[in-house]
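Just below is one structure, and these are the notes that go with it.
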Amino acid sequence: MTIHASVVPVVFLALAAHTLSPQAADESPVLRKANYLAILPGGGPQRQVSLKAQQVSPAYSDALNFTLIGPDSSTITAGEVLLGEERLLSIPGKPEGLHVLELDSGWNACRVDPRGIPSAMVARETVPLHTARGAKQLFFYVPRGCKQFSVWLVADAPREGARIEIAGPDGGKVVEEEGDYDKPQRVRATVPAGCDGKVWSLALVKPKAGGLNVDDVVLWLDPALPPYLSMREDWALTFGKRKGDGVNGVLE
């Protein structure tokens, strides 16, 4: 595949190395290993997303590798972000359609700030979301007619687990569950009448039970839901109402 480096310039910003910290209320979740961000540029002028590489431990030297994939599955650009650095990656307005940003931080971590570009993390069993230090209020769409859905979790490291909180459209908690999730486990949610066809949210936080911390958690949504988790409610609605999964064709 051709890499069009001139179409997508990258700006480097030096950052001081810092300790991996939990997600603040206005930040994207901390990601580890391989993750996929679906992006809808909108057909206007090119815009930028911010990529930050964070070191988890001095034992790990993995940089953040990224690949931007266009709607026709071709590679638009690829590169890396060194530990302690930030890159502003330009996303072309055209071609229109779903783009996918593949992120692989290895055993280290990364954060991505879409800077106002409609986007969503992909969270399907074949391409799950790999988080670290929890995640606060990620939004997703529950299709009209859906009566029940499941969220799957696994946190297989010793003394690690999670508390998952699933909230309905009004912000009220529908499911609140915690465990060590050493093996993939399904968390079921029943959709009350009138709550389908709307945006819900979920959070991964530290368990209340002693002896467990929230750190590396792998999460995915079952096929009853569109495979997208967004930082904004309006983005979740946009991605959730797209025809079909959309992202599948780009990642094939």
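The values are calculated or read from the model by the stated rules, or taken from the named source; none is laboratory data. Fair warning: this is a prediction, and the values are worked out from it, not measured in the lab. Cβ sites come from the backbone with ideal geometry, for glycine too, and all protein chains shown count toward neighbours.
State all residues of region 40-62 that are farther than 21 Å from V218 by Cα and either touching a strand residue (DSSP E or B) at 6+ places or on another chain (Cβ under 6 Å) or not assigned by TED's automatic domain parsing to the domain that holds I76 (or both); if no residue qualifies, say none.
Within region 40-62, P41, Q46, R47, Q48, V49, S50 qualify.
Answer yes or no as to whether L138 is part of a strand (DSSP E or B), touching a helix residue (DSSP H, G or I) at 6+ places or on another chain (Cβ under 9 Å), of a type outside the set (D, E) and not assigned by TED's automatic domain parsing to the domain that holds T67.
Criteria met by L138.
Give region 84-97 a look and list any residue that's crowded, with 19+ Cβ neighbours inside 10 Å and not in a strand (DSSP E or B), or say none.
P92
Would you mind listing the strands (runs of 3 or more DSSP E) fully within region 144-197 where at least 2 residues are more than 21 Å from the chain's Cα centre (by Cα) and farther than 13 Å from V218 by Cβ?
173-179
Residue by residue through region 39-62, note down the ones that are over 21 Å from M231 (Cα atoms) and surrounded by 20 or more Cβ atoms within 10 Å (Cβ to Cβ).
Scanning region 39-62 gives Q55, V56.
Among the residues of region 98-135, what is the count of those that are under 16 Å from W235 (Cα atoms) and either assigned to a strand (DSSP E or B) or touching a Cys at 6+ places or on another chain (Cβ under 6 Å) (or both)?
Number of matching residues: 8.
Any idea which of S50, S73 is in a loop (DSSP other than H, G, I, E, B) and touching a residue at least 60 places away in the same chain (Cβ under 8 Å)?
S73
Does region 179-233 hold any residues that are surrounded by 15 or more Cβ atoms within 10 Å (Cβ to Cβ), more than 16 Å from L138 (Cβ to Cβ) and of a type in the set (D, E), and which are they?
D180, D196, D215, D216, listed by residue number.
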